[in-house]
1. Calculate for chain B the 222 nm mean residue ellipticity that helices alone would give, adding -39,500 (n - 2.57) per DSSP H run of length 4 or more and normalising by residue count, nearest 500 deg cm²/dmol.
2. Evaluate E = 1/(1 + (r/R0)^6) for residue A:229 and residue A:39, where r is the Cβ-Cβ distance and R0 equals 22 Å; express this FRET efficiency to the nearest 0.05.
3. Regarding region B:13-167, what is the average projected area of its C-alpha convex hull, in nm²?
4. Please arrange A:235, A:71 by counting, for each residue, the other beta carbons lying within 10 Å of its beta carbon, fewest first.
5. If I histogram all Cα-Cα distances within region B:9-101 using bins 5 Å wide from 0, what percent of pairs lands in each bin?
6. Please average, across the residues of A:160-170, the number of beta carbons from any other chain that are within 10 Å of each residue's own beta carbon, and give a whole number.
7. If each of residue A:204 and residue A:90 carries a label point 7 Å out from its Cα toward its Cβ, how far apart are those two points in nm?
8. Provide the gained length on full extension for the span residue A:111 to residue A:175, in nm with one decimal, where the gain is 0.36 nm per separating residue minus the Cα-Cα distance.
């Protein structure tokens with residue numbers, strides 16, 4: 001897939017890598033991620049999405065791919081077809097997610113399967129100049145930096161137990177969609193649950209800053225983020241990461257092109 | 001202690017990435033074992049041998065060894081916690097001896113209390129966890145009052161607070177086991193404790209690495225050649 005990793009306002013870097021348990025079981029990578037920059041009347045807007053297909057769902061790799069591409073298409077369309085200010089509210093975000101859920105249901109009809117067979121999480125960031133809409137359904141994490149702190153926006157939504165979570169294909173997903181609004185976000189990251197144990201601090205329920213900082217420092221300094229994709233994939237597939245998780249893992253990073261990520 | 005990951009040490013495109021030092025998620029299991037007088041002889045010997053197999057197989061799986069937590073409660077004459085919750089890599093299989101009657105009701109109540117307490121400790125320490133299991137093995141029936149224990153099992157199962165399994169060895173009172181366990185009690189084929197514990201270990205290895213949304217499909221032990229009969 002061709003990735004346009006540097007736009008006018010953002011440098012983007014993202015990759016999804018198959019977990020060792022999926023390799024062993026002959027399963028595909030069920031994670032997916034996608035990011036783009038949309039030119040709007042109100043300036044350039046980052047639209048990013050990350051999705052983790054359920055391990056128990058037969059075609060969730062199809063679900064996670066469609067969820068991300070549909071979200072980016074829907075949000076881009078709405079951002080360019082009306083004033084950007086109209087998009088920064090909870091009902092609008094719900095509308096985007098409903099459209100994604102609708103696309104997944106339609107796809108399940110085409111594939112003659114159930115929506116549950118496409119089950120996946122969906123984490124998204126839509127970031128403009130001075131405003132950000134961050135939304136999460138299911139586990140994984142969204143991390144954003146406005147000033148100095150790498151803030152974990154939501155603690156991963158899951159049931160009591162580690163192997164239970166919410167999916168956008170659930171009939172009652174609307175009750176579990178978490179939406180947050182922030183101001184001037186300089187950098188943000190989306191990650192799938194495969195990285196939760198290494199990137200989040202479970203006792204304090206926040207982001208482990210020392211995990212994110214080196215990535216952003218490097219991304220800020222690089223002229224061409226595309227050159228880092230191989231390194232990111234190598235990291236995600238490294239022995240040290242694989243010793244902590246055997247699940248698929250996704251990391252998506254976005255930093256403003258302004259020096260210092262717009263510090 | 002925080003792990004520093006030297007990423008491509010000579011080129012370090014991302015510098016030193018530090019990993020969060022989180023405890024491993026836990027998969028707790030109480031083995032609730034009947035050691036009453038009737039287990040004397042071959043049954044208790046085979047049970048002990050089965051426990052040793054269980055220990056070896058869990059410890060050999062590096063992820064399960066850190067994630068599966070085992071506790072052992074026995075009932076025979078009295079209820080005893082033989083092993084407090086311990087991760088599989090630190091677990092040593094006890095040698096159990098048999099004696100006395102079968103206070104099963106009290107043992108179940110104690111196992112449920114231990115699981116509830118364990119979950120509280122996990123939550124307080126930011127440890128993620130899987131649904132706890134109580135796995136009961138008996139060759140008889142309760143000699144104490146068991147109705148309130150059965151009610152507790154039913155409520156806990158309805159709340160998905162735990163999963164309760166009951167396995168009866170020859171001589172077990174299946175009428176009562178069926179009233180205690182919401183899952184169909186299994187009948188151990190002969191004294192195949194070894195096969196049973198191999199199954200338990202491999203089931204817990206699957207659960208301890210299961211991902212969100214994954215209902216772990218346990219291998220049916222009641223198939224021809226399997227250790228159980230329904």
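1. On the way: 6 runs with 80 residues, N = 230.
It comes out at -11000 deg cm²/dmol, rounded to the nearest 500.
2. 0.40
3. Numbers: hull surface 42.8 nm².
Convex hull of Cα atoms, orientation-averaged projection: 10.7 nm².
4. Numbers: A:235 22, A:71 27.
With the fewest neighbours first, A:235, A:71 line up as A:235, A:71.
5. For region B:9-101, the binned pair fractions read 3, 13, 19, 18, 13, 10, 7, 5, 4, 3, 3, 2, 2, 0 percent.
6. Working: counts 9, 12, 14, 16, 8, 4, 2, 2, 0, 0, 0.
Mean inter-chain Cβ contacts per residue within 10 Å come to 6.
7. Here the modelled spin labels are 3.0 nm apart.
8. Values: separation 64, 0.36 × 64 = 23.04 nm, distance 2.69 nm.
Extending this stretch completely gives an extra 20.4 nm.
None of the figures in this text is laboratory data; all of them are computed from the coordinates on show. Bear in mind the structure is a predicted one, so any value in this text is a computation, not a measurement. When we count neighbours, we look across all protein chains shown, and the Cβ atoms used for this are built from the backbone with ideal geometry, even at glycine.
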